[in-house]
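What follows is a single structure, written as structure tokens, with notes after it.
The values are calculated or read from the model by the stated rules, or taken from the named source; none is laboratory data. These numbers were taken from a predicted model, which means no experiment stands behind them. Glycine also receives a Cβ, built like all others from the backbone with ideal geometry; neighbour counts cover every protein chain displayed.
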Amino acid sequence: MLALRRPLSLRLRLVLGTVIWVTLALGIGGAVIYELFRDHVERRFIADLGNHLNQLAAALEVAPDGTVSTSAELTDPRFHVPYGGLYWQVSSADGAPLLRSRSLWDTTLALPSDEPSDGALHQHLIDGPEDRPLIALERAIQLPQSTSRFRLVVAENESVLGEVQESFLRVLFLSFAALVIGVIAAAALVMSVGLRPLGGLRQRLNAVRTGEADRLAGRYPGELQPLVDDLNALLEQERAVVERARTQAGNLAHALKTPLSVLANDAATMRRDGAVERADHLDRQVAAMRRHVDYHLARARAAGSSRIPGARTRVADSVARLARTVERLYADRELAIRWNCAEDRMFRGEAQDLEEMLGNLLDNACKWARHEVQMSCDGEGEAVLLIVDDDGPGLPPDQREAVFERGRRLDETTPGAGLGLAIVRDLADIYGGTVSLDVSPLGGLRAVLRLPAG
């Protein structure tokens with residue numbers, strides 16, 4: 001199966017949405033602004049050429065002998081600089097040049113072979129000096145003192161128009177890029193402030209999970225407060241359900257233990273009356289029933305405890321209590337029981353369940369140990385490892401799984417009902433942990449209990 005992709009975080013979604021929207025909006029706006037500016041510049045460019053053309057027409061004179069001249073110089077200084085980029089020319093109706101600006105130097109403008117009507121403006125793209133393209137504005141006029149028609153042309157380098165447009169586009173791009181960055185930074189800041197309550201909610205949820213708090217405290221924005229209230233109500237309901245289940249389990253245990261005590265008394269009476277064999281049989285059955293009751297009560301208690309967020313137990317405290325207990329229980333065997341556990345190791349669960357699991361492992365080790373039993377705890381990622389070693393005979397590999405089966409006993413000569421290791425595995429499974437057996441460095445059996453760390 002393909003792994004499900006992790007959904008994007010809210011912050012990343014908002015940032016991506018802002019980036020896409022701002023970029024799209026500013027891109028469209030920039031394109032519209034650039035087109036408006038380009039149209040304005042082109043209109044202004046043609047209007048300036050038209051003003052120069054009007055000045056040229058006003059300065060044009062024809063002498064009685066037909067000689068054509070200008071009565072005044074055009075004002076733009078570029079007309080007087082060779083190849084200055086701005087040019088004018090006066091031609092006859094057939095296109096033969098009659099007058100030209102000093103800026104044309106030794107060249108002439110080649111005009112299209114059209115025949116414009118008098119006063120009409122024509123716009124052309126023609127070749128100019130140094131093979132540079134020119135935008136030319138042409139008008140045909142006929143002076144009052146002459147019967148001839150003249151073609152007046154004013155032209156300017158097309159690159160001037162392109163340079164203005166490119167310069168504006170460059171400034172526009174840099175300005176919009178800075179605006180995009182500024183908007184994104186402002187949006188990120190706003191989102192950081194706006195999403196801060198979610199960060200606080202996450203911290204408080206983690207505090208509930210780790211046992212530092214039993215509910216979500218504090219006030220939240222109106223959009224989050226109903227969710228927080230519902231979560232707190234759910235936590236309260238969960239605790240109430242578990243407590244009710246525990247009470248019912250305790251009541252059931254009490255109800256069963258009373259008849260079992262009666263049966264135990266009956267067995268004692270039978271033994272006094274001489275029915276020893278039947279009394280022993282009844283005692284064994286009563287003991288087995290009590291162990292089964294204890295087993296299922298432990299499972300029910302652990303199942304309820306594992307559902308309560310925030311349950312945490314200091315491992316060192318439980319290890320110390322168990323070590324003192326087994327030292328008293330096995331005092332006659334003079335076992336050396338050693339333990340080592342850091343004070344900061346925490347189990348994400350209740351002390352009763354931890355001591356139920358670890359106690360069974362420790363009791364099993366003491367039953368088989370010759371001289372020494374060791375307990376230690378360590379960390380492994382988000383798990384706590386509890387290790388019990390003994391110097392007993394150990395177990396062959398093919399039997400290490402069999403001992404976890406409920407009621408399975410490999411040696412009938414030792415006391416017990418074969419439920420201890422089965423309880424350990426069942427409780428570990430409920431908490432999402434594991435238990436395994438291996439060879440101990442002491443020469444006997446090593447039991448490794450892996451549980452979630454608090």
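VAL373 meets all of the listed conditions (1) touching a Cys at 6+ places or on another chain (Cβ under 7 Å); (2) within 15 Å of VAL435 (Cα to Cα) but one, namely (2). The residues of segment 1-56 include none that are farther than 30 Å from ALA136 by Cβ, among the basic types (Lys, Arg) and modelled with pLDDT of 90 or more. Exactly one residue out of GLY200, GLY162 is under 22 Å from the mean Cα position of the chain (by Cα) and not aliphatic (A, V, I, L, M): that is GLY200. Residues that are touching a residue at least 12 places away in the same chain (Cβ under 8 Å) and either out of contact with any helix residue (DSSP H, G or I) (no Cβ under 8 Å at 6 or more places or on another chain) or not assigned by TED's automatic domain parsing to the domain that holds ARG170 (or both) within segment 35-47 comprise just one, ILE46.
The single residue among VAL22, VAL81, VAL32, VAL15 that is under 29 Å from ASP127 (Cβ atoms), of a type in the set (Val, Ile, Thr) and assigned by TED's automatic domain parsing to the domain that holds GLU166 turns out to be VAL81.
Among strands (runs of 3 or more DSSP E) lying entirely in segment 50-96, which contain 2 or more residues that are surrounded by 16 or more Cβ atoms within 10 Å (Cβ to Cβ) and in contact with a helix residue (DSSP H, G or I) (Cβ under 6 Å, 6 or more places away or on another chain)?
Numbers: elements: 60-62, 68-70, 86-92.
Those strands (runs of 3 or more DSSP E) span 86-92.
Is there a residue being in contact (Cβ under 8 Å) with a residue 60 or more places away in the chain, assigned to a strand (DSSP E or B) and surrounded by 15 or more Cβ atoms within 10 Å (Cβ to Cβ) anywhere in segment 164-183?
Within segment 164-183, the subset in contact (Cβ under 8 Å) with a residue 60 or more places away in the chain is 164-165, 168-169, 172-173, 176, 179-180, 183.
When the remaining residues are screened for being assigned to a strand (DSSP E or B), the result is none.
Scanning segment 164-183 turns up no residue that is in contact (Cβ under 8 Å) with a residue 60 or more places away in the chain, assigned to a strand (DSSP E or B) and surrounded by 15 or more Cβ atoms within 10 Å (Cβ to Cβ).
Between ARG321, ARG338, the distinction of being assigned to a strand (DSSP E or B) and either touching a residue at least 12 places away in the same chain (Cβ under 8 Å) or among the hydroxyl-bearing types (Ser, Thr, Tyr) (or both) belongs to ARG338 only.
Would you check if there is a residue in segment 136-150 being surrounded by 15 or more Cβ atoms within 10 Å (Cβ to Cβ), in a loop (DSSP other than H, G, I, E, B), out of contact with any helix residue (DSSP H, G or I) (no Cβ under 8 Å at 6 or more places or on another chain) and modelled with pLDDT under 85?
Checking segment 136-150: at least one residue is surrounded by 15 or more Cβ atoms within 10 Å (Cβ to Cβ), in a loop (DSSP other than H, G, I, E, B), out of contact with any helix residue (DSSP H, G or I) (no Cβ under 8 Å at 6 or more places or on another chain) and modelled with pLDDT under 85.
Whenever a residue of segment 122-135 is on the phi > 0 side of the Ramachandran plot, its partners that are assigned to a loop (DSSP other than H, G, I, E, B) and surrounded by 14 or more Cβ atoms within 10 Å (Cβ to Cβ), lying with C-beta atoms within less than 8 angstrom and at least six residues away or across chains, give the pairs GLU130/TYR83.
Within segment 110-121, can you find the residues that are in contact (Cβ under 8 Å) with a residue 12 or more places away in the chain and either in a loop (DSSP other than H, G, I, E, B) or among the small types (Gly, Ala, Ser) (or both)? Walk me through it before giving the result.
Within segment 110-121, the subset in contact (Cβ under 8 Å) with a residue 12 or more places away in the chain is 110-113, 115-121.
ALA110, LEU111, PRO112, SER113, GLU115, PRO116, SER117, GLY119, ALA120 - these are the residues of segment 110-121 that are in contact (Cβ under 8 Å) with a residue 12 or more places away in the chain and either in a loop (DSSP other than H, G, I, E, B) or among the small types (Gly, Ala, Ser) (or both).
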